[in-house]
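Let me begin by presenting the structure, written as structure tokens, before commenting on it.
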């Protein structure tokens with residue numbers, strides 16, 4: 001374990017829970033396998049890497065880590081105190097803002113499993129420090145990146161998704177502007193098209209920053225939804241009813257609406 005992580009743990013003086021639970025419950029959790037809300041880790045060797053998983057849970061729907069469990073679901077056990085401090089280091093030193101979590105210890109014979117529970121955060125988006133990315137790209141903006149959880153995988157969040165999280169939690173949103181080009185964009189969505197980000201920007205004749213603002217607003221208002229694939233994000237119509245309301249009553253009908 002890195003000395004910086006040990007130092008952070010000592011400064012905060014947090015203690016592991018002393019209570020244990022019957023294994024039948026943990027076995028039922030393991031039988032679910034890895035999914036949207038659950039991830040197995042044999043051990044935590046890299047706090048920066050586990051910070052991506054922790055922040056992705058916090059940014060998306062919440063979830064839990066079961067440390068001391070192989071990918072196959074076999075219980076291998078772990079050194080609970082060491083793993084706890086590595087998770088604490090990741091959550092507090094490698095994420096901004098820091099990610100809150102709770103922990104429990106489960107026993108399987110003489111083996112221990114550490115469960116780390118991360119709720120969906122009211123402070124999202126959470127970012128992970130990635131200095132090597134910034135060095136490789138030469139862009140300081142790449143130093144802090146946001147991640148999301150999709151099924152059992154971690155993905156880098158798009159700039160649109162980051163703005164959606166910000167708009168969900170705050171009221172300082174961009175203004176909605178409707179013109180003939182945005183109308184053409186709405187027509188394509190009504191026809192069932194799912195568009196890449198660049199197609200949205202071109203159709204609406206918006207710069208990339210303005211297109212991000214528009215997509216974030218429409219996502220928070222439940223009008224548009226983005227879907228992720230290996231080819232990237234595509235955006236399509238989520239609710240014809242909500243779109244009709246926007247066109248008939250304007251943005252004031254959605255002023256206080258939160259997608260989350």
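No value in this document is a laboratory result; all are computed from the given coordinates. Computed from a prediction, not measured in an experiment: that's the story for all the values here. All Cβ positions, glycine included, derive from the backbone under ideal geometry; neighbour counts span all protein chains shown.
Pop a pseudo-label 7 angstrom from the Cα along the beta-carbon direction at both residue 244 and residue 177 and give the gap in nm to one decimal.
Computed distance between label sites residue 244 and residue 177 equals 2.9 nm.
Once fully extended, how much extra length lies between residue 71 and residue 205, figured as 0.36 nm per residue of separation less the alpha-carbon to alpha-carbon distance?
The residue 71-residue 205 span can extend by a further 43.6 nm.
What FRET efficiency, computed as 1/(1 + (r/R0)^6) with R0 = 22 Å and r the Cβ-Cβ distance, is obtained for residue 227 and residue 35, rounded to the nearest 0.05?
With a Förster radius of 22 Å, E is 0.75.
Rounded, prolate or oblate: which fits segment 159-254 when a ≥ b ≥ c are the square roots of the eigenvalues of the alpha-carbon gyration tensor, with rounded for a/c under 1.5 and prolate only if a/b beats b/c?
Details: a/c = 1.35, a/b = 1.07, b/c = 1.26.
Taking the square roots of the gyration eigenvalues as a ≥ b ≥ c, segment 159-254 is rounded.
Rounded to the nearest whole Å³, what is the per residue volume of the convex hull around the Cα atoms of segment 45-148? Walk me through the numbers before you get to the answer.
Working: hull volume 10.4 nm³, N = 104.
For segment 45-148, the hull spanned by Cα atoms encloses 100 Å³ per residue.
For residue 102 and residue 61, what does the FRET efficiency come to when R0 = 22 Å and r is the distance between their Cβ atoms, rounded to the nearest 0.05?
On the way: r = 16 Å, r/R0 = 0.73.
The calculated FRET efficiency here is 0.85.
Taking R0 as 30 Å, what's the FRET efficiency between residue 150 and residue 123 from their Cβ-Cβ distance, rounded to 0.05?
The formula returns an efficiency of 0.90 here.
Quick check: the distance between the Cα centres of segment 229-254 and segment 193-224, to the nearest angstrom?
10 Å
So for each of 76-83, 63-70 I average, over its residues, the number of other beta carbons within 10 Å; can you give me the resulting order with the highest mean first?
63-70, 76-83
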